[in-house]
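S.K.: Dropping a structure here in structure tokens format, bear with me for questions.
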Amino acid sequence: MTLAYLISAHTDAPQLKRLVETLHPDAHFFIHIDKKSDITPFQALLPQDNVHFIQERIDVRWGTILEVEYQMALIKAAIDHPVTFDRIFFLSGMDYPLWSNDRITHWLEAQKGKEILSGICMDNPAISEQQRTLYSTARPFFRIGFISNQANQRLSIVCRKAKQLLGLRKSLSFPVGNATWHLYKGAAWWCISQSLAAYIYDTYMQQPVLRHYFTDSFGQAETLIQTIAFNSPQWAPKCILHQGEYPGLAALTPLHFIIYEPIIKVMDETDYDTLMASGRMFTRKLVSGKSDRLVELLTQRT
């Protein structure tokens, strides 16, 4: 089985090194380092031929279309590579596997025809008004080159509040060609086939309406890819659909154990038993100097 791991990172090169070196040694790793970060320490620690630091680097800002831009840059790097991959993972540099490589491979071999991408339609009556408001609030994003990032951010906030006061809302459905697409929400961490990855990338590039719709959306890194996949008659049946009320982001994250609230928790050795009981393939997040003993315990187990 040929595997690709797409990884986004911006800090903690030693943690990224131990993540890569723990996973399948014959896999290919495509890594995006935030443009704001110095790439040199990452490259120095990971000189292997199967580690590819992509040339297109995005100045990532959370909650903006820039997150989609680095997702698409990583997907493109993988699908353009000479190797054809059976599965493509999307991870964070602060992730770490809870399963052995053999267990991961055997599990993937059993998922024939399934895409490990989960989502829920946000345009349905079971979704709470609070959630609907969150995703229907337009969040304009400015990238005016001659003013600072802080000034762009302030301008974006002022514009968002003005739209709220005027009662201007984004629809949770929108036209794409002759069809009506609905907004789907999931998690940024997934594992899909190369065929689905290529479909997602090609659709994004060929449908300008998607970039237009998601430029001022909320949580694009957790919605755009799901929206493309779940509005496809071909791919939707192969993905993991959640129905009913919004189940929370943890339930929509199929492979990772993450404690999201009140902020994403840094895991340490006191979380070992909880992680082992979770049944998940990965956890997030690990930080050098704080999670080292946990890594030792996980390494001893495998």
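S.K.: Exactly one condition in (1) surrounded by fewer than 19 Cβ atoms within 10 Å (Cβ to Cβ); (2) part of a helix (DSSP H, G or I) is not met by P175; state its number.
M.R.: Checking P175 against (1) surrounded by fewer than 19 Cβ atoms within 10 Å (Cβ to Cβ); (2) part of a helix (DSSP H, G or I), the one that fails is (2).
S.K.: Take the conditions at pLDDT 95 or above, of a type outside the set (K, R) and closer than 30 Å to T22 by Cα and apply them to S173. Does it pass?
M.R.: In short, no.
S.K.: Next up: Do we find that L252 is buried (at least 17 other Cβ atoms within 10 Å of the Cβ) and within 20 Å of the chain's Cα centre (by Cα) in this structure? Steps first, answer last, please.
M.R.: Values: buried (at least 17 other Cβ atoms within 10 Å of the Cβ): yes; within 20 Å of the chain's Cα centre (by Cα): yes.
In short, yes.
S.K.: Would a scan of region 9-22 turn up a residue that is in contact with a Gly (Cβ under 6 Å, 6 or more places away or on another chain) and in contact (Cβ under 8 Å) with a residue 40 or more places away in the chain? Before the answer, list the steps.
M.R.: Of the residues in region 9-22, the ones in contact with a Gly (Cβ under 6 Å, 6 or more places away or on another chain) are 9, 16.
Subsequent filtering for residues that are in contact (Cβ under 8 Å) with a residue 40 or more places away in the chain retains 9, 16.
Yes.
S.K.: Exactly one of these conditions fails for T223: (1) surrounded by 14 or more Cβ atoms within 10 Å (Cβ to Cβ); (2) more than 16 Å from the chain's Cα centre (by Cα); (3) of a type outside the set (A, V, I, L, M, F, W, C). Give me its number.
M.R.: If we test T223 against (1) surrounded by 14 or more Cβ atoms within 10 Å (Cβ to Cβ); (2) more than 16 Å from the chain's Cα centre (by Cα); (3) of a type outside the set (A, V, I, L, M, F, W, C), just (2) comes out false.
S.K.: While we're looking at this one, here's another question. Quick check, is A277 within 16 Å of the chain's Cα centre (by Cα), farther than 30 Å from A179 by Cβ and open to solvent by 30 Å² or more (accessible area, probe 1.4 Å)?
M.R.: Numbers: within 16 Å of the chain's Cα centre (by Cα): no; farther than 30 Å from A179 by Cβ: yes; open to solvent by 30 Å² or more (accessible area, probe 1.4 Å): yes.
So A277 does not fit the description; no.
S.K.: Residues A126, A151: which one is open to solvent by 20 Å² or more (accessible area, probe 1.4 Å), free of Cβ contacts under 8 Å to residues at least 40 places away in the same chain and of a type outside the set (D, E, K, R)?
M.R.: Details: A126 fails: free of Cβ contacts under 8 Å to residues at least 40 places away in the same chain.
Every option except A151 fails the conditions.
The values are calculated or read from the model by the stated rules, or taken from the named source; none is laboratory data. In this text, all values refer to a predicted model and were calculated from it rather than measured experimentally. Cβ sites come from the backbone with ideal geometry, for glycine too, and all protein chains shown count toward neighbours. For accessibility, only protein heavy atoms count, side chains too; no ligands or nucleic acids. Shrake-Rupley method; radii C 1.70, N 1.55, O 1.52, S 1.80 Å.
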